[in-house]
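Remarks on the structure that follows.
Bear in mind that the values in this text are calculations on the coordinates, not laboratory data. As the structure is a prediction and not an experimental result, all values here were calculated from the model. When we count neighbours, we look across all protein chains shown, and the Cβ atoms used for this are built from the backbone with ideal geometry, even at glycine.
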Amino acid sequence: MRQVRLAIGCLLLIVCLAACATATPPANPAPTVPYTPKPLPTNTTSPTIAPTRPRQTAVPSTPTPTPCANPGRMESGSYPSVTAGQMNYRIYLPPCYGLDGRTYPTVYLLGGNTHTDAIWDELGVDEVAEEGILAEELPPMLIVLPDGGWIANYSSGGPGSFESVIVNDLISYIEQTYCAWPEPAGRAIGGLSRGGYWALEIAFRFPELFASVGGHSAALLDQYAWPAVNPQYTGLSQNLGDLRIYFDIGADDYVINNIRQLHLDMETAVPPIPHTWVLNEGRHEEGYWQTHIPDYLTWYSEPWSFDRGDYLACSL
């Protein structure tokens, strides 16, 4: 009897050990806390700004029906970056892209530090754009979704940072590869969370390259960002010209303090710096950004014409 009990006990011990060895620990959700970047070596060489033509403002006109049998589509690709190597991107091409031989205004949307080029796609930016374009509530546009990778998380701004990737590499590649309107009036840039930091960093340092910039829950938390690149300073010290500026954030967002302070500083500057400030309900989360995508696309596209005849011819 004692031998039987010992045998049963050993058998139970073996089963228990096997179960413990195969158990899978619960997955942890991706953090939403903006990454504190590590400084790169100082590079004093100014970036080579993507070549541009003089700014021309598209003249809005009354929308005209443009029936189209070809739906819009999302494409993926990569481009060479002198600063960071091969980089991935996604691009939304509107219905009947390229068939009329005209260029399109372009929105560049950046993700946060835990995101890839997939985030805005997963939030449904292409579906919102498609619906708005087909309903003639939005003009046809390109939407570029670049991956930030290591350089967006481990640099703070200036030459040799993610700024150089966007300004020197991505914009030139897009405008040489697609029918993108190659003028400042045809470009907008925005981002969420850490991407909001980068959108503001880039546009405030190079306001002559863009018509509009948006910071959506912009996480202005970079401890290594010095005044020459930090949007909290460049937004006040730079001559931003006629750059359109949009800030929005949820009232319960934990990164609200610095972007709200920038809004107040711009509002009380002498003279005040024009910008749009939108305080919504919500927190720092994907549901918030997804809800407000229609607001973002409507705002970015306000200066752009619905009449395709107003745009430059595409040489591709």
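Applying the Karplus relation 6.51 cos²θ - 1.76 cosθ + 1.60 with θ = phi - 60° to the stretch 101-111 yields 3J(HN,Hα) values of x, 10, 7, 10, x, 10, 10, 9, 10, 9, x Hz, where x marks Gly and Pro. Label zone of Q86 (point 7 Å out along Cα→Cβ, amide N under 20 Å): in the stretch 100-130 this covers 116-118. Couplings 3J(HN,Hα) for the stretch 214-223, derived from phi with the Karplus relation 6.51 cos²θ - 1.76 cosθ + 1.60 (θ = phi - 60°), are x, x, 9, 6, 4, 8, 8, 10, 6, 6 Hz, where x marks Gly and Pro.
Working note: Karplus 6.51/-1.76/1.60 with θ = phi - 60° gives the stretch 292-305 the couplings 9, 4, x, 5, 5, 5, 4, 5, 4, 8, 3, x, 9, 6 Hz, where Gly and Pro are set to x.
Could you work out the relative contact order of the stretch 74-118? I mean the mean sequence separation of Cα pairs under 8 Å and 6+ apart, divided by the number of residues, in percent. RCO, the stretch 74-118: 31 percent. Amide H contacts for I143 (H built 1.01 Å from N in the peptide plane; partners 5 or more residues away or on another chain; cut-off under 5 Å): Y92, V107. As a rough footprinting exposure proxy, the listed residues S172, S237, S161 were ranked by other beta carbons within 10 Å of their own, and the order from fewest upward is S237, S172, S161. Dividing the mean sequence gap of close Cα pairs (under 8 Å, 6+ apart) by how many residues the stretch 93-316 holds gives a relative contact order of 23 percent. Between the amide H of S81 and those of Q86, M87, distances stay under 5 Å, these residues lying 5 or more places away or on another chain, with hydrogens modeled in the peptide plane. For the stretch 218-308, what does the alpha-carbon gyration tensor say about shape, rounded, prolate or oblate, given a ≥ b ≥ c as the root eigenvalues, a/c under 1.5 as rounded, and a/b over b/c as prolate? Here the stretch 218-308 falls in the oblate category.
What share of the DSSP beta bridges in the stretch 93-316 is antiparallel, in percent to the nearest 5?
Once the DSSP bridges in the stretch 93-316 are tallied, antiparallel ones form about 5 percent.
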